[in-house]
Number of protein chains: 2
Amino acid sequence: MRYEEAGVHIEAKAEALRRAKEAIAATYTKEVLRGLGAFGGLFDAHALKGMRHPVLVATTDGVGTKTLLALEAGDVSGLGFDLVNHSVNDLLCQGATPLFFMDYLAASRLEEGVLAALLGSLAEACRAHGIPLLGGETAEMPGVYREGAWDVAGTLVGVVEREEILGPERVREGDVLLGLPSSGPHTNGYSLIRKVVAGQDLNAPVPELGESLKEALLRPHRAYLREFLRLKEAGVELHAIAHITGGGLPENLPRALPEGLGAEVRKGSWPMPPVFPYLQRLGKIPEEEMYRVFNMGLGLVLILPEEEAQRALALVEGFVVGRVVRGPGVLLL
Amino acid sequence: MRYEEAGVHIEAKAEALRRAKEAIAATYTKEVLRGLGAFGGLFDAHALKGMRHPVLVATTDGVGTKTLLALEAGDVSGLGFDLVNHSVNDLLCQGATPLFFMDYLAASRLEEGVLAALLGSLAEACRAHGIPLLGGETAEMPGVYREGAWDVAGTLVGVVEREEILGPERVREGDVLLGLPSSGPHTNGYSLIRKVVAGQDLNAPVPELGESLKEALLRPHRAYLREFLRLKEAGVELHAIAHITGGGLPENLPRALPEGLGAEVRKGSWPMPPVFPYLQRLGKIPEEEMYRVFNMGLGLVLILPEEEAQRALALVEGFVVGRVVRGPGVLLL
């Protein structure tokens, strides 16, 4: 018996890596001392010595079952952006900016074309933010994954000055919630979405949406790094940031709030992307469930002092969607 | 329709995290400023300011289809050690030591018991090396994973002084290859192993092995951090280190060698764990294929100047298995 007979195809992996090599190398900054092919990636951290008190921040994420919809639609080119952008937003919640990214791709069988497209997409997404794709792992696991299915996950490492860490301990009663628009469902709720749209033609234009389901549902997770940097450079004071992912506003806002403080959010105070009412109607999903599963149009919520809100709104596209109040939990009004 | 109907069970995940919370918190060092539950983990990197020129090292790995054998045998308690130890060895190849670990666990359905056991195992493995389990992601993906299958992956971040980075550029002709014994197949070749042992009773004692297949095949990947630190403290000069993973000696030794230099390895110069001849005979696997898939008893190969070999052997259990020679590739004599 040979390894190939057990369903492991070493050549397809090597060939896909060769095809994506240039795109990956294009993400390298001068900090990358060793990348692809090494036992581990090497990132020059000399710049951290110039910081007052560096704190490393790390986040691990996947894009969930959005991969299945992308594979069904025959287009995985957005999944790298989904993963990298999701991760970037998680770092922003701590006030951190990215240093480097590590990916993890796995499937029952590494099809060269899909793998090369995924690596290319990851590299492009990293490059868009100036983040080196420092390394990763690609695993072929017959028996673990379903035929044709892929998992796309990764880890982003970043850094923040200790005294600039954002979070619950900075938040005060009366602080304003400033919501930044999402591009759609981002990477959450796709197990439900797939049930709801099962059997629909993904490529047909949907009048209610003004585009096809493929366009509306595969649009990549939006990153808010540029917005964050613009606010930071202008000296706008931020207290905390909540990334609205799985669990929606009710579960993610509390992660940015201290014990004893909650949030009031006014529904209708931001424009609702048509994809959400469409999914709600088609799937007969209770409204409360919609808010618990989807971001409902808000990708990131900045929590900041009331007096900073107008200055922030002049710099980034966003909406005052509520405020921090006494008492626990999130009240959707 | 509700999210639960789409096959996503938020409660089982929350409950398993509650059960593993203490074990995870026990891995925290004073550097952990924010762990479980945060959008990202925070690791105080102030100590890096005291280094001459810090270089971060990152490695992402999975344990492959060893998960399936462990699930079949009803014991996942070693998988955390497999993952963390594998990752630690990858860092050693650069001369780096660990800072923190991030895990990624995924399955078609998050069974609370399995998830709690996996998190507990990861935490224990991290704690054994003093590495904080800083964060991670646990994903339930119906439709991506096969029923009952799990994926166990993660990213380890470490640090090394720039001038102490090990690697091919230090290696000289005539350098000695010092092999450190593996504990078995570690985490490689399990798709083939599962084909070979299919239908066998994993719990029955195998006279040839002196133990059951379960014991021989689920023994965790061995880490060599202690050995590395002992050599480092004694000032033993190392040139490079190869971690013998997928691809065996023929593919992993060259990753530690410069262009133009190869390696001669003398078979039989180290004790062969009985599990390898057993698998070879049972699966009728050609010998060349054995060396290409398995570590064949060597988990790590240190490459060092000949005059350092005896001093190294007095400090760690190992064997001189060959040397660096002119010409490409690995010659198994």
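For the reader, a short list of remarks on this structure follows.
- By accessible area with a 1.4 Å probe, ligands and nucleic acids excluded, highest first: order of B:97, A:138: B:97, A:138
- Relative contact order (%) - criterion: Cα under 8 Å, at least six apart; region: the stretch B:1-158: 37 percent
- Chains B and A together bury roughly 6900 Å² of accessible surface, counting both sides and using a 1.4 Å probe on protein heavy atoms.
- Ordered from longest to shortest, the equivalent ellipsoid semi-axes for the protein assembly as shown are 44, 28, 22 Å, each the square root of 5 times a Cα gyration tensor eigenvalue.
- For the pair the stretch B:190-226 / the stretch A:198-217, the C-alpha centres are spaced 50 Å from each other.
- The aspartates and glutamates whose alpha-carbon is closer than 17 Å to the alpha-carbon of residue A:232, local same-chain residues fewer than 8 away aside, are A:90, A:161, A:163, A:164, A:306, A:307, A:308, A:317.
- Inverse of mean 1/r across different Cα pairs in the stretch A:108-258, Kirkwood, Å: 19.0 Å
- The residue among B:310, A:295, B:63 whose Cα reaches farthest toward the positive pole of the charge dipole of the protein assembly as shown, with charges on the beta-carbon of Lys, Arg, Asp and Glu, is B:310.
- Space enclosed by the convex hull of the alpha-carbon atoms of the stretch A:1-151, per residue, Å³: 118 Å³
- Residues in the stretch A:284-327 that a label on residue A:264 would reach, taking backbone N under 19 Å of a point 7 Å out along Cα→Cβ: A:302-310, A:319-327
- Accessible area per residue for the stretch A:168-332 is 41 Å², calculated with a 1.4 Å probe on protein heavy atoms, without ligands, DNA or RNA.
- Taking A:200, A:280, A:94 in turn, the Gaussian network model of chain A (Cα-Cα springs below 10 Å) assigns the largest fluctuation to A:200.
- For the stretch A:168-332, the Cβ-based charge dipole about the Cα centre amounts to some 360 debye (Lys, Arg positive; Asp, Glu negative; other atoms uncharged).
- Accessible surface, per residue, of the stretch B:1-146 when the full set of protein chains is kept, probe 1.4 Å, Å²: 32 Å²
- With 5 Å bins from 0: P(r) over the stretch B:168-332, alpha-carbon pairs, percent: 2, 9, 18, 21, 18, 14, 9, 6, 3, 1
- Counting every pair of alpha carbons in the stretch B:94-160, the share spaced more than 16 Å apart comes to 49 percent.
- Within straight-line reach of residue A:267, meaning a Cα separation under 21 Å, sit the following lysines at least 8 residues removed in sequence or on another chain: A:284.
- Whether the stretch B:22-95 is rounded, prolate or oblate, judged on the alpha carbon gyration tensor where a/c under 1.5 counts as rounded: oblate
- Size of electric dipole in the protein assembly as shown: Cβ of Lys, Arg +1 and of Asp, Glu -1, about Cα centre, debye, nearest 20: 340 debye
- For the stretch B:168-332, the relative contact order works out to 45 percent when only alpha carbon pairs closer than 8 Å and six or more residues apart are counted.
- Electrostatic dipole magnitude of chain B [Cβ: Lys, Arg +1; Asp, Glu -1; Cα centre; debye, to 20]: 200 debye
- Note: relative contact order over chain A, using C-alpha pairs below 8 Å and six or more positions apart, is 22 percent.
- When the other protein chains are added to the chain by itself, burial of at least 40 square angstrom of heavy-atom accessible area (probe 1.4 Å, ligands and nucleic acids ignored) affects these residues of the stretch A:186-207: A:191, A:192, A:195.
- When the stretch B:285-333 is reduced to its Cα atoms, the Kirkwood hydrodynamic radius in Å: 12.9 Å
- Gaussian network model of chain A, springs between alpha carbon atoms under 10 Å - residue of A:186, A:53, A:129 with greatest fluctuation: A:53
- Per residue of chain B, the DSSP helices (runs of n ≥ 4 H) give a summed -39500 (n - 2.57) that works out to -9000 deg cm²/dmol at 222 nm.
- Comparing chain B with the 2.2 N^0.38 Å rule of thumb, its C-alpha radius of gyration ratio is 1.04 (two decimals).
The values are calculated or read from the model by the stated rules, or taken from the named source; none is laboratory data. Quick caveat: nothing in here was measured; it's all calculated off a predicted structure. Cβ: placed from backbone, ideal geometry, glycine included. Neighbour counts: every protein chain shown. Side chains are part of the model used for accessible areas, which takes the heavy atoms of the whole protein and leaves out ligands, DNA and RNA. Shrake-Rupley method; radii C 1.70, N 1.55, O 1.52, S 1.80 Å.
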